[in-house]
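The structure appears right after this line, and notes come after that.
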Amino acid sequence: MAGNGCDSSPSDAEVPEHVTRSTWSGCDGDGDVVVDVIEGGGHTWPGLTEFAESTKGFGATTDEVDATAEMWLFFDTHS
């Protein structure tokens, strides 16, 4: 994350069981870079379970993380 002026090493945390969150802090403009890796996840929107049937062929989805809530939390924290 050197392009964003962040610390060179992220802090890693397991959020739920199958999710690892890496956070790079100290970035330019007081920002952070956060990456969630979902073990076995596909090309679906995490937490969007009501359309799970229509996303077949795009891989597995998860309800362990709500991507919409995480996105809003991030923008609220970094306004």
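Each residue in the range 31-73 was checked for being modelled with pLDDT of 80 or more and either farther than 23 Å from residue 13 by Cβ or out of contact with any Ser or Thr (no Cβ under 9 Å at 6 or more places or on another chain) (or both), and 11 pass.
Among the residues of the range 17-30, just one is exposed (fewer than 13 other Cβ atoms within 10 Å of the Cβ) and within 23 Å of residue 62 (Cα to Cα), namely 17.
The values are calculated or read from the model by the stated rules, or taken from the named source; none is laboratory data. Note that the structure is a prediction, hence the values are computed from the model and not measured. So basically every Cβ, Gly included, is an ideal-geometry build from the backbone, and we count neighbours across all protein chains shown.
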